[in-house]
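One structure below.
The values are calculated or read from the model by the stated rules, or taken from the named source; none is laboratory data. Only a predicted model underlies this, so the values are computations on that prediction, with no experimental measurement involved. Cβ atoms come from the backbone with ideal geometry, glycine included; neighbour counts cover every protein chain shown. The accessibility values were calculated without ligands, DNA or RNA, using every heavy atom of the protein model including side chains. Shrake-Rupley method; radii C 1.70, N 1.55, O 1.52, S 1.80 Å.
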Amino acid sequence: MIDISIVIVNFNVKDALDNCLSSIYKSNTSSHNLEIFLVDNNSFDGSVELIKKKYPHIQLIENNKNLGFSKANNIALKLVNGKYILILNPDTILEEGTFQKLIDFINNNPKTGVVTSKLIKANGKLDPACKRSFPSLRVALPRLLGLSKLFPKSRIFGKYNLSYLDENKIHEVDAVNGAFMFMPKNVLDEVGLFDEDYFMYGEDIDLCFRIKKKGYKIFYLPEVNTIHLKGESTRKSKISYVNNFYGAMSIFVKKNLSGTNKLLPIIINIGIFLRLFLSYIKRIIKLFSFVLIDALLIFISLVLSVKLRFDIFPTNDYLFIITIYVIIWVILLSIFGVYSKKFKHSIKHTFNAIITGFFINSSITYFFKEYAFSRGVVLASTGFSLIFLITLKSIINLIIFFRKKNITLKKINLLVIGKKQLNQNLEDKLLAKYDIFYFNKIIQEKSISNLEEFIKFKGINEVLLTDDTFSNKEILSLMNDIKVSEILFKVIPTGKDLILSKLHSKIDEIDLIEIEYNINKKLNIFLKRLFDLVLSFFMLIFIYPFVFIYNKLSRRKLSTHFSKILLVPKVFSGKYSFVGMPIWYNKSDIDNLGKKGLTGIVQLKHDENLTTEDMDNYILYYGKNQSIILDIEILLKTLFSFIKYRSNKRKNL
């Protein structure tokens, strides 16, 4: 006889699902006879393959599309045989003894219809959705107005999530979360399955409502703790969440409460509209945020200029002409392409637009004297505008540079589309680390909709197209439709894949292309030496003495990073450079590629078990592409690598 039937609906949370299933078996300390149904809603992350390989005894149901929570659960609920049923999310982790505690509670409380555990989020805090009230007018209104978040401990405003109740005590509640619902099978047989009018959200409240109507009680049991990695399988945009959540609430009210309060559906619909409206307003503000910031900085420049020139703050008459000047400058910034994708945040185009605006605004003093400032004010405001805007654009460009070059060494999610298997894009691999996903290996049905869903779900940063799996028209359409504008799409040109993948060729096999090494150019040699002299001189004065004294007095051996500071005098003398091939690397055929360096691409990747071929390729790449900017980039990455190393070392202590 089956004691407990467990039903799990999964959608693209393979790792979380694996942890969940493992915890189920660990939690069964009383050796109850379990049956597990896994309903997969057309996942493409390898969830199905995981179940077949690691958990073959689980009853797997594969849907050919995402049916939503209600329909998917009902497919399995029609097949269960256990005395008790546990409806469980795949992003949960059970504790030992969970099942026995739940069964004991139901045996001691025979009118129990559903019992849930204390759901704890990944940050250790209570998931407030684990205990709720039905959405009456008194419950829904504070929720829609945001008062429940402002006053969670209030009995008036905190009714929706019952946040005023002691989370460590047993409570009878109206409804519980569908992430964890434990019930006797006979209760479900009596009240029926989930209402399939709900796609996501609301179906758990609806089922609880019908259970309560039959006279059963619903309990929150904090003696049982469950980790809930909330949102792992339902990551959506805010607008999508508003539609799903409040749409489900609207369905619930129409089905169950429309006769009790006719005002409630109207208020909920108004709430949905307001939340959607606010979401769109936020998007518009974000879209025009840089235009507004530039306009504000130009406005401040004009106000300061008036104050300095006349020692007064602008009156209403002044404010009118200031507004005209601001509009002219913003229009010119737009005309010069400062807000376009191609020249976004361009310092050169910003400078040209402001200077052009100076001449146009100055002409107003000749032709429209009644609306004119003195030319001194226009000149001063031009100067202030240049300072403010160029400083802003410089900061933005610096941030973009850090992100683009991955100075902080964060993982970049790269999606490779095509049959060719790449270790990594060679030119990008040299300076950044990637998490690589192979679309053709992961996804069975290669549709553009699956591609878009995968990009959003995995948080893909870059897409590399290696063949014609998708047509140009499909890719262009996707690039226009996809909402994440930071994604970079790259295409490997025909015949050029040898440059991008070590699996296909080596650099020294490119015999049809004349290779010119930057590091041997006279200008590059001069600039690199000048950079080494200036930086080493600074370090010899402000950093080297302290490290030298510490090394002499301390009995502890210096770390690899700090010990290199002791070699700064040799950089100053010209024996070494700050950036170059490793000091310990000896190969006569590449000795002409600059001086040996304290750091470099090979040194940055010392923990990757590089082969001699790998190191040769990296050194050749550096020699071919060397520049001061590249040297600074490598030095910054070395610094961040050291900071990460120290941080990880402290955590392990």
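Restricting to the range 161-182, name every residue that is out of contact with any Ser or Thr (no Cβ under 8 Å at 6 or more places or on another chain) and buried (at least 19 other Cβ atoms within 10 Å of the Cβ). Within the range 161-182, GLY178 is the sole residue that qualifies. THR29 falls short on exactly one of the conditions (1) surrounded by fewer than 19 Cβ atoms within 10 Å (Cβ to Cβ); (2) of a type in the set (Val, Ile, Thr); (3) in contact with a strand residue (DSSP E or B) (Cβ under 8 Å, 6 or more places away or on another chain), and that condition is (3). One residue stands out among those in the range 526-575 that are under 24 Å from LYS644 (Cα atoms) and of a type in the set (Phe, Trp, Tyr): the one that is least open to solvent (accessible area, probe 1.4 Å), which is TYR544.
Applying a threshold of 7 Å to beta carbon distances and a minimum spacing of six or more residues, or different chains, the list of pairs starting in the range 156-168 at a residue that is over 18 Å from LEU119 (Cβ atoms) and ending at one that is at pLDDT 85 or above and among the aromatic types (Phe, Trp, Tyr) reads PHE157/PHE151. Just one of the numbered conditions (1) crowded, with 22+ Cβ neighbours inside 10 Å; (2) within 21 Å of ASP15 (Cα to Cα) is not true of ILE93: (1). Pairs only if they're at least six apart or on different chains, beta carbon under 6 angstrom, first in the range 103-117 and hydroxyl-bearing (Ser, Thr, Tyr), second in a loop (DSSP other than H, G, I, E, B); list them, first residue then second. Between residues of the range 103-117 that are hydroxyl-bearing (Ser, Thr, Tyr) and residues that are in a loop (DSSP other than H, G, I, E, B), the close pairs are THR116/VAL176. When the residues of the range 305-339 are filtered to those that are in a helix (DSSP H, G or I) and polar (S, T, N, Q), the one that is farthest from ALA380 (Cα to Cα) is SER334. From the list LYS348, LYS342, the lone residue that is free of Cβ contacts under 8 Å to residues at least 12 places away in the same chain, open to solvent by 20 Å² or more (accessible area, probe 1.4 Å) and either part of a helix (DSSP H, G or I) or among the hydroxyl-bearing types (Ser, Thr, Tyr) (or both) is LYS348.
Residues in the range 1-26 that are more than 20 Å from HIS228 (Cα to Cα) and surrounded by fewer than 19 Cβ atoms within 10 Å (Cβ to Cβ): MET1, ILE2, ASP3. Against the list (1) of a type in the set (D, E, K, R); (2) in contact with a Gly (Cβ under 7 Å, 6 or more places away or on another chain); (3) free of Cβ contacts under 8 Å to residues at least 24 places away in the same chain, the condition LYS217 fails is (3). From the list GLY158, GLY124, the lone residue that is open to solvent by less than 10 Å² (accessible area, probe 1.4 Å) and either in a loop (DSSP other than H, G, I, E, B) or under 23 Å from GLU203 (Cα atoms) (or both) is GLY158. For the criterion of being modelled with pLDDT under 90, of a type outside the set (Lys, Arg), in a helix (DSSP H, G or I) and buried (at least 19 other Cβ atoms within 10 Å of the Cβ), PHE69 passes. Checking each residue of the range 99-117 against the condition of being crowded, with 17+ Cβ neighbours inside 10 Å and within 32 Å of the chain's Cα centre (by Cα) gives at least one match.
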